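Single-structure report; data block below.
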């Protein structure tokens, strides 16, 4: 990780020397000159998949437009369910947005397709400091020494809970020292026999549920060298079993079919679930809902054999098909810069990635213990990825669904998934 930061630092130094030699007649990444020097207005499109973040994004873009006269940016919100297929199709056809959100789990495919612009020069000109970004996320967006995105934020997973349901059941609120056993016992106490309230939600959500418990059990999803699946290890099986038992053994969670009809966050917000493990990125949605704002709170994830939480972040990429590569690259960097991070944090939208802006997120919604998300960061495990993550991650549901429905043992389901994943990784590493 430090090597990546070193390369970017060297690039920044080179850019400064070049600008000095040229007399710096052009605009910097954070300054004016958004018309690219030809006097024509520049219109850019920025694609995202989160309506929750649109207000903060608009504030950030207003600052960018003010600092880059002649450049305007339109927000294009694509639903999550359609985002990646839409981006892939439009990019392949040369009609994609100028700048877009990107995940570490997806970026390898776009780099291989040659459809992303390098951002090293734009970053070097920005004056930003690579050392101010979370080390474990920077490398997600770097390939062979070239930077294609920078993390705009980071998130961890916490245990959200409904205080009203805890009070009604006479159950004490969760604390940071809770264990898996505490979750089970208290979920049982919170579950109503008539099915109107369940103690916890156990959706088949890798980032929010079973990835966390796999690592808490001492397992791994993928080996450090990216060549082998960890799903068939006893530790990974235990991490998955924790969640399937909530449905099939303890009956303290709605079924997988129920989550297919009404997603877990919606059930939580309706008062049907007393607890739900999910990310810091939902704080703004909960704060903007009267019931949730009054009744929800959050604490750190309960620990297994060890403490762990999945940490992830979104990056901003500039598409090579843009008609305005200089402005698009400048925008992509700006969206992950200090000003953008500050706005993201102080609005409570997400935890800004740039060091020094995190506290504003904690202060945004004092009704929630958002400090819990930062307190866990030292135990963060980066969301598991490989060069072609989709080749195996897309099959998790196929193999794990029978375990969630109780039709197959977790051991058998995990073994099948591990086999399919190993085949995908072998093919990936041959290429």
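Derivation of every value follows stated rules applied to the coordinates shown; laboratory data play no part. Quick caveat: nothing in here was measured; it's all calculated off a predicted structure. Quick reminder, even Gly has a Cβ in these numbers, built from the backbone with ideal geometry, and neighbours come from all protein chains shown.
Remarks
- Residue order, fewest to most surrounding Cβ atoms within 10 angstrom, among 72, 299: 72, 299
- Cα-derived Rg over Rh, computed across segment 250-402 with Rh taken as Kirkwood radius: 1.01
- Once the Cα gyration tensor of segment 320-413 is diagonalised, semi-axes √(5λ) in Å: 35, 25, 11
- Angstrom value of the Kirkwood radius, inverse mean 1/r, which spans all Cα pairs in the chain: 22.7 Å
- On Cα atoms only, tilt of 54-67 relative to the major axis of the chain in degrees: 10 degrees
- Calculated P(r) tail over 24 Å for segment 78-227, as whole % of Cα pairs: 55 percent
- Rough spin-label spacing in nm, given labels placed 7 Å along Cα→Cβ, for residue 175 and residue 112: 4.9 nm
- The relative contact order of segment 212-353, computed from alpha carbon pairs under 8 Å that lie at least 6 residues apart in sequence, is 21 percent.
- Length gained on full extension, residue 74 to residue 323, computed as 0.36 nm times the residue gap minus the Cα-Cα distance: 88.1 nm.
- Space enclosed by the convex hull of the alpha-carbon atoms of segment 221-260, per residue, Å³: 86 Å³
- Packing here is the average count of other Cβ atoms within 10 Å per residue, and on that basis the peptides 310-317, 49-56, highest first, run 310-317, 49-56.
- Taking the number of Cβ atoms within 10 Å of each Cβ as an exposure proxy, the fewest-first ranking of 178, 80, 101 is 80, 178, 101.
- Counting every alpha-carbon pair across segment 126-166, the share separated by more than 12 Å comes to 70%.
- In terms of its Cα atoms, segment 169-293 spans 46, 32, 31 Å along the principal axes, sorted from long to short.
- In percent, rounded to a whole number, the relative contact order of the chain is 23, using alpha-carbon pairs under 8 Å and six or more apart.
- Size estimate for segment 263-315 follows the Kirkwood approach: the inverse of mean 1/r over distinct Cα pairs works out to 12.6 Å.
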